[in-house]
């Protein structure tokens, strides 16, 4: 999850989510960075409205939980 | 929220949540750091079992199921 | 379920859900394709707003995630 | 999500979820494949019992009804 | 329940729910038709918003919560 | 959904769910029948204990009603 | 020039030296703390902070002296917060942690007449070690249901004897003391703390831990949602991602009425539920025996 946190930190700080920025952050946190995961994250976030996506609940289980 | 993300990043990376570590991270993200907020965050999280707190957040289904 | 996954893969990839596309995909996955099922699926999906249905599934947790 | 559907299609078809197989499928769907995302997905799926995970999802009511 | 299914079949097929249509259907299914029941069914369904009921049925828990 | 209702009508009427029977029913309802869908449905229902499935569908009500 | 006692000079010297050698300097009020709890608190502070009680005027002079010698006029701002019976506390703990520590190390203290109750005071139900005597009557007069059982005074049920903010009377103080109930709290009251050019007041330092916890949870949910919604898998989210994809596929199939092994139950179930709901709308005489069940 640290890669996602790094992206969210950048987002919250108003910085661009680039491979370099994420890498920098992870290194600053002492994480041994896996380039492929950084790349994958940045690719997955391309064109994504982060503000919207973080508020949109992810777990679909709740069909059953639909409030009456 | 960037301060909180920084704390979670440290936690996920297995690092200690200290003033210095958080400050480092925020600076690496290009954030102008407010010392008082860092201090308050670290103090507030002292003695908090983050793993446990997160787990509670991760079980939204149970919450959803709680009948009104 | 592989037929449905194929259809959703096409949908997520922004491709049209046609008999041919589904067939192609299933064959690429090494599935022995049953034409009738492909036909039936495409026919059944006509008129279904996939985006909406998927979203509906994901919705209720939003309720759950809202902090009390 | 197309990467995930590709993995599930393979699973449903009884094929192994490898980088190559996922890539093949996505290409068959006409998707421009990002290797890093394929890698990340396959790595994340390692050790995950998909059947079990799906079964869990299929029982939303039971889950929801389980009192916290 | 076969009378209700006949009505729902007609509804799903976009046909009108008339005594004749229901009778036809039931006979095609080999059911010995009770004219009075067909009459009563058609009359009773006149005041029912079937579309609404279908929507309700998609949310099992909501249904579940209903019976007093 | 009309194909499904046709199958359930047959089931409720104590008739066998065969391609022919479903086709007959749908035609009696004035539906233009898609042979592939009929085929796929009958194939999918093979080995399914409809009585059991239906009972389970009615069950969430009980489960949901359970929590104090 | 007025004569200044030698001990005072020395005291100021020492205080200034302390102030200069620690990053965090706090002023605390010890006016209400009796000698015994105070020594207890000194013990609990050992290794974490150095604590000196002095005269307010000497603390003031020491602060000014330290500020001047450090070339840091900010420290002098603390002078404005000297109040009551001041003490000085120097430490390396950050001011927020220090505040939390001081709050947590407050000790219960016996009731004192004339002091407001810091919270509701409850006399709990149950036996007491007290022997029968005039006290029983006094208790009853104050509404405490006391009885003699097995030769001892026993309280019949939990009783609130004083609400938050109400003043403790001499009679009540006596009863509480006899019962061994300590409704008050003593501890070092932080007046202000200085670190790094900033003076923190208690209002600022009193952080709401619950709020931080809910922020943590929110941040986690955000990360979780992001990961699942964009299908970026992590160890914590891979299961949810699979489930989301599966349920999405299943829902689409159910909505489309496309029957598969995985969806047969849902689709037939849905059709059955619809039929049931429709049946509920129908007059009783229309239903066959089976449906009525």
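The values are calculated or read from the model by the stated rules, or taken from the named source; none is laboratory data. Computed from a predicted structure; not experimentally measured. So basically every Cβ, Gly included, is an ideal-geometry build from the backbone, and we count neighbours across all protein chains shown.
Tabulated data for the structure shown
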| quantity | calculated |
| --- | --- |
| Unmet requirement for residue G:71, which otherwise passes all of (1) closer than 16 Å to residue G:190 by Cα; (2) without any contact (Cβ under 8 Å) to a residue 60 or more places away in the chain | (1) |
| Failed condition for residue G:199, given (1) more than 29 Å from the chain's Cα centre (by Cα); (2) closer than 30 Å to residue G:24 by Cα | (1) |
| Residues of the stretch A:13-56 that turn out to be modelled with pLDDT of 95 or more and closer than 15 Å to residue B:1 by Cα, as a count | 0 |
| Count - residues of the stretch G:75-94 that are closer than 11 Å to residue G:25 by Cβ and modelled with pLDDT under 90 | 0 |
| Residue in the stretch G:149-159 that is surrounded by 13 or more Cβ atoms within 10 Å (Cβ to Cβ) and within 30 Å of residue G:92 (Cβ to Cβ) present | no |
| Yes/no for residue G:250 being over 25 Å from residue D:13 (Cβ atoms) and at pLDDT 85 or above | no |
| The one condition in (1) part of a helix (DSSP H, G or I); (2) crowded, with 18+ Cβ neighbours inside 10 Å that residue F:33 fails to fulfil | (1) |
| Test result for residue B:15, more than 9 Å from chain G (Cβ to nearest Cβ) and in a helix (DSSP H, G or I) | no |
| Entirely in the stretch G:204-285, the helices (runs of 4 or more DSSP H) that have 3 or more residues that are more than 14 Å from chain F (Cβ to nearest Cβ) and within 30 Å of residue D:49 (Cβ to Cβ) | G:209-229, G:238-256 |
| Meets criteria (out of contact with any strand residue (DSSP E or B) (no Cβ under 9 Å at 6 or more places or on another chain), within 19 Å of residue G:111 (Cβ to Cβ) and either surrounded by 14 or more Cβ atoms within 10 Å (Cβ to Cβ) or modelled with pLDDT under 90 (or both)) for residue G:146 | no |
